[in-house]
Each structure stands twice: as C-alpha cells, then as structure tokens.
1. Name the single residue, out of those in the range 43-63 being assigned to a strand (DSSP E or B) and touching a Ser or Thr at 6+ places or on another chain (Cβ under 7 Å), that is surrounded by the most Cβ atoms within 10 Å (Cβ to Cβ).
2. State the number of residues belonging to the range 388-420 that are in a strand (DSSP E or B), touching a strand residue (DSSP E or B) at 6+ places or on another chain (Cβ under 6 Å) and farther than 30 Å from ASN308 by Cβ.
3. Restrict the check to the range 219-233 and report whether at least one residue is part of a loop (DSSP other than H, G, I, E, B), within 36 Å of the chain's Cα centre (by Cα) and at pLDDT below 95.
4. If I filter the range 254-268 down to residues being of a type outside the set (Phe, Trp, Tyr) and surrounded by 21 or more Cβ atoms within 10 Å (Cβ to Cβ), which single residue comes out as nearest to LEU417 (Cα to Cα)?
5. Please go through the range 154-187 and pick out each residue that is within 29 Å of the chain's Cα centre (by Cα) and surrounded by fewer than 15 Cβ atoms within 10 Å (Cβ to Cβ).
6. Does the range 202-217 hold any residues that are surrounded by 15 or more Cβ atoms within 10 Å (Cβ to Cβ) and either modelled with pLDDT of 50 or more or among the polar types (S, T, N, Q) (or both), and which are they?
7. Restricting to the range 64-94, name every residue that is exposed (fewer than 15 other Cβ atoms within 10 Å of the Cβ) and either in the same structural domain as SER424 (by TED's automatic domain parsing) or more than 28 Å from PHE428 (Cα to Cα) (or both).
8. What is the one condition in (1) under 23 Å from THR45 (Cβ atoms); (2) crowded, with 22+ Cβ neighbours inside 10 Å that GLU392 does not satisfy?
Amino acid sequence: MNFRKMMAAFTAIATCASLCVPAMAFAEDTEATESTALTAYLDFTNSGWWPAFHNDPENDTLKGTVAEITGDGSYTVSLSAADLGEEAIQNSIKGAEFMAIYIPGAEAIYPNLVITVDKITADDKEIPLIKKNFTNCELEKKEADRTYTTRTNIYNQWASGYTSDARCVDGLVSEQPDAEDYDAQIIDPAELAAWTNLTVEFTITGMTAEEEPTETETETETETETETETETTPAEEEPTQETTEKQEKIVVGNSYLNFVDGGWYPTFQNTGNPESDTLEATFAEITGNGTYTVKVSAAALGEETIANSVSGVEFMAIYVPGAEKDYPEMVLTVDSIKADDKEVALIAKNFTNCELEKKEEDRTYTTRTNIYNQWASGYTEDARCVDGLVSELPNADEYSCQIIDPKDEALNGWTTLEVTFTVSGLAFDKYIEEEPTETTESTSTTSTTTSTTKSTTATTKATTTTAKAASTGSTGAESPKTGDASVPVAAGVAAVAAAAALFITKKKND
C-alpha cells in the first residue's frame, strides 16, 4: 500500500486551511455560457491520504462516476475501490480526510443552485447524517477571473460550522432559526471503513428559474454549434492544466535517518565525516505530500562486524533539515520500519516537531520525528500529527518519542534498516518525474535521491560518552535532543576509540 500512495493527489485537500477559503477547485476556468455541460462528482481523500478521487484521471486511485446535471431533481455519484484488491480495502480504506460533492462551473450560471444530501451508503451500510449540509461557492470571494465551483461539504476536517455564503433550500443558512444544525462535517468519518463502493444520493434545486431562458436561447443555435462549444470549453482541458500545476517541483528538504546503534557504533548522523558516519545512507528528497523511504546500510562493514556490532538502538529519528521555517505545518507519519526482511513493531504513535522547540532566530530549524529517543519520553509541547496538536487530542497519551522497543529482535544483525513514512500537511503533492508503475517496489523511490557515505572505519567497536551539543548548519548533523522537558540529559566527555574520534552528542531540551 505504501508504495501506491505516491500516486494519490492531495493538492485540493491540503489547502483547505480555513472556513472562508476552502480547498482549491479542481476545475479550471469555464466560460459561463448556456451550453456549458455541468457534471457533479464526489471529491474524496481517504484517511491516511490514500486512496483518493479528484476527477483527475492521471492521478485518481479510486474509480468514480459523475452525474450529468440537467436540472432540478435527484442524482447519484459514487466511488469504487474494487480495483485496489481486498487486502488494500481491508487495510487502507478507513475514514476520510475530505469528502464533498463538486459541480465545477455551476456557480457562475446557477448561483441559487442548492445541493441537499439525501443518503450516503458504504456498500450495504447507510452512513448516519449527524448534521445538515449546506451549499456554497468553492471560492467564497468570487474573483472575476476564477471559475466558480458549487459544492457541499460532507466531511471537511479543516472547517466546521457554515460559511457566510452558505445556502439551503430555505435561503441563507445564517438567516435560519436552526442555523446551528448546518455544518461542514455532516458524518462521523469513523463510519467509513473497508468499503468497496461508496455512494451519495442528493437532490438539486434552484436551477429551474435560471434554466428556462437558457433553453430558449440555446434552441436558436444549431446542434453542431452546441456540441462544439461543449467539447472545446476549457473545462475539458482541466486534467492537463491541473497536472501541469502539480508537476512543478518544490523541494522542501532532503530527509535522512539519523541513527545511533545500541553500542554507539555504527552510526549515521549526516556529519559528512566518514569516521563518524560509519553507515551508508539513502536520502529522500521531500517534494510534497506523499510516501517516502529513508535507509541506512551496514553492508560496507562486513558480515563479522554486522553480526557482532549491529544491535539495538540508542537514537533513531527522521530529520528534514531546514524545513521548519518554511513548512511548519508539515507532518511526518511513520508507516513501517524494516530491518532486512523483518518488520520492527510500532508500539506507539510518532509525532512531528521542531528539532529546536525554542525557535531562536539564528538557528536552522530541522523538522523531525523521533522513532527512539532514550533521553525523552511522551511528547513535546509543539508536537503535531495529522489531527493537529497532540496535546489537544483525546488519545494524546498514545504518542511518544519511543515508538519502538530498542530490544526488538529485528534490530540485531541487520544489513539494511529502512523507514517508510508519509508526508502530509503541505499545499502540494509529491513531484513525479514519470508515470509510476505498481509492478515493483522501486516506484516508491521515483523522486528520492541517494547519497552514500563511504565507510573507512575499521571493525573495531567505538564507544563514546556524550559531550555538550553544538549548533550545526542545515547540511550538517543535528544532535539528538530531549523531546520532553521533564527529562534531563547528562553531559560528559568524549572518549577516543580505534584510530579516529567518534563524537555522538546529546542535548538538553531547550
């Protein structure tokens, strides 16, 4: 599943940061002519950001049906996960990040059109409607140069209540005595799990008054002219234009796995020094929301060293140097950890935070997530996850900076250690250089870059004690620090082992 996530499109969902400016419309500018064809579809992003449907054939990972809107009446839109296979359906289909009915271009022609959700069904299970839906313009501020998508939120995790332009069959929601019954979250997303077919039935009203003069005027045109206009409107070019936007490459940072073995050797902390970075590393260039993998390898050390020295862990975290300043909302979610062919069990949930909780102006801010930090427990004050600040969650106690057992048997004698994780919270998707395939695992690393550090260290095991941490630049190593203000870190003096000095630093929580 993790290798398929890279195909999902999240651009519209990640920009839904407020009530007044929700997600970006997936339809491009369409002329407001009487002959414009209107279609509705169910825009959906699964919890975990995969699979999804945005009416974008090149990136959609769910199959969807659209409804041709011809006037007031009842319509149905649906999604199917059948092509994903039973295993993916059972393990990946759960909840929702975003769900809404979209009718691109309708707002300019039918500003009084109202969508009323009647029924939602997941396979043979009816999903309870806990609130009333409202209809509004995708862009509440109707700039003259934008196409106006009419929509109704079914579940929008970035919004609650109703917008100022929200309307229902009785008029503006704000003028209704039961206005508090309307919301951008009309279902409990927990009700959506392991479905194969998701269906929404809805009723359209408010088109009739606008439709009659439109039909009269349209009848004066020939059938050929009408068909030509319909086929050549900019709306048909939507997938090409949208794909172009998504393919703009934005590099958030170069992530790596910061790792210190249980006996303080071998390690990789991105110091640039082969005498201290005794493991080889595979970096992952973060270019948007999606799935990535970072690795460290002990292959160059030889089988004897691997058997005698690779055991347990002192510190392990994913680092993205410099990302926190420009992308403070980015979230890293650990999906799986593998030591060769063995899965390392996840015993808690990880959180994302700034390497320096106190963000001094003269420091580079590394975004990171602890996997195992022996000098910390619990979560930091600025800890965040896909649901927001960890401290505000009812299950906050499930998050920790120690999400694995350092004595896990899989951590002994491995040659390659890899962590697969999902990036979310950005306003753009992972850059894809070429059309991915699903035949091999290599597709998951299409947009990653690999950097290896040659190890010249002898197999002699080095031991160190800790020294006071020093500031490093975004391309250098970030030292492990405490993730909990209640856990102090002892400072010591570095010891010299073998032919070169190996400094592993620990920091007190700022």
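1. Looking only at the range 43-63, we keep the residues that are assigned to a strand (DSSP E or B), and these are 43-45, 52-53, 63.
Checking which are touching a Ser or Thr at 6+ places or on another chain (Cβ under 7 Å) leaves us with 52, 63.
Details: ALA52: 26, LYS63: 15.
The extreme case among them is ALA52.
2. The first filter runs over the range 388-420 and keeps only residues in a strand (DSSP E or B), leaving 388-389, 399, 402, 416-420.
Adding the requirement that they be touching a strand residue (DSSP E or B) at 6+ places or on another chain (Cβ under 6 Å) leaves 399, 402, 416-420.
Next, only the ones that are farther than 30 Å from ASN308 by Cβ stay: 399.
Residues meeting the conditions: 1.
3. Residues of the range 219-233 part of a loop (DSSP other than H, G, I, E, B): 219-222, 233.
Still in the running and within 36 Å of the chain's Cα centre (by Cα): 233.
Remaining after also requiring at pLDDT below 95: 233.
So far as the range 219-233 goes, yes, one or more of its residues are part of a loop (DSSP other than H, G, I, E, B), within 36 Å of the chain's Cα centre (by Cα) and at pLDDT below 95.
4. The first filter runs over the range 254-268 and keeps only residues of a type outside the set (Phe, Trp, Tyr), leaving 254-255, 257-258, 260-263, 266-267.
Okay, now just the ones that are also surrounded by 21 or more Cβ atoms within 10 Å (Cβ to Cβ), so 254-255, 257-258, 260-261, 266-267.
Working: ASN254: 18, SER255: 15, LEU257: 9, ASN258: 11, VAL260: 12, ASP261: 11, PRO266: 12, THR267: 12 Å.
Checked the range 254-268; the qualifying residue nearest to LEU417 (Cα to Cα) is LEU257.
5. Passing the criteria: SER160, SER164.
6. PHE202, ILE204, THR205, GLY206, MET207, THR214, listed by residue number.
7. Residues satisfying the conditions are GLU68, THR70, GLY71, GLY73, SER74, GLU86, GLU87.
8. Unmet for GLU392, out of (1) under 23 Å from THR45 (Cβ atoms); (2) crowded, with 22+ Cβ neighbours inside 10 Å: (2).
The values are calculated or read from the model by the stated rules, or taken from the named source; none is laboratory data. Given the structure is predicted, the values throughout are model-derived calculations rather than measurements. FYI the Cβ positions are ideal-geometry reconstructions off the backbone, even for glycines, and counts take in every protein chain you see.
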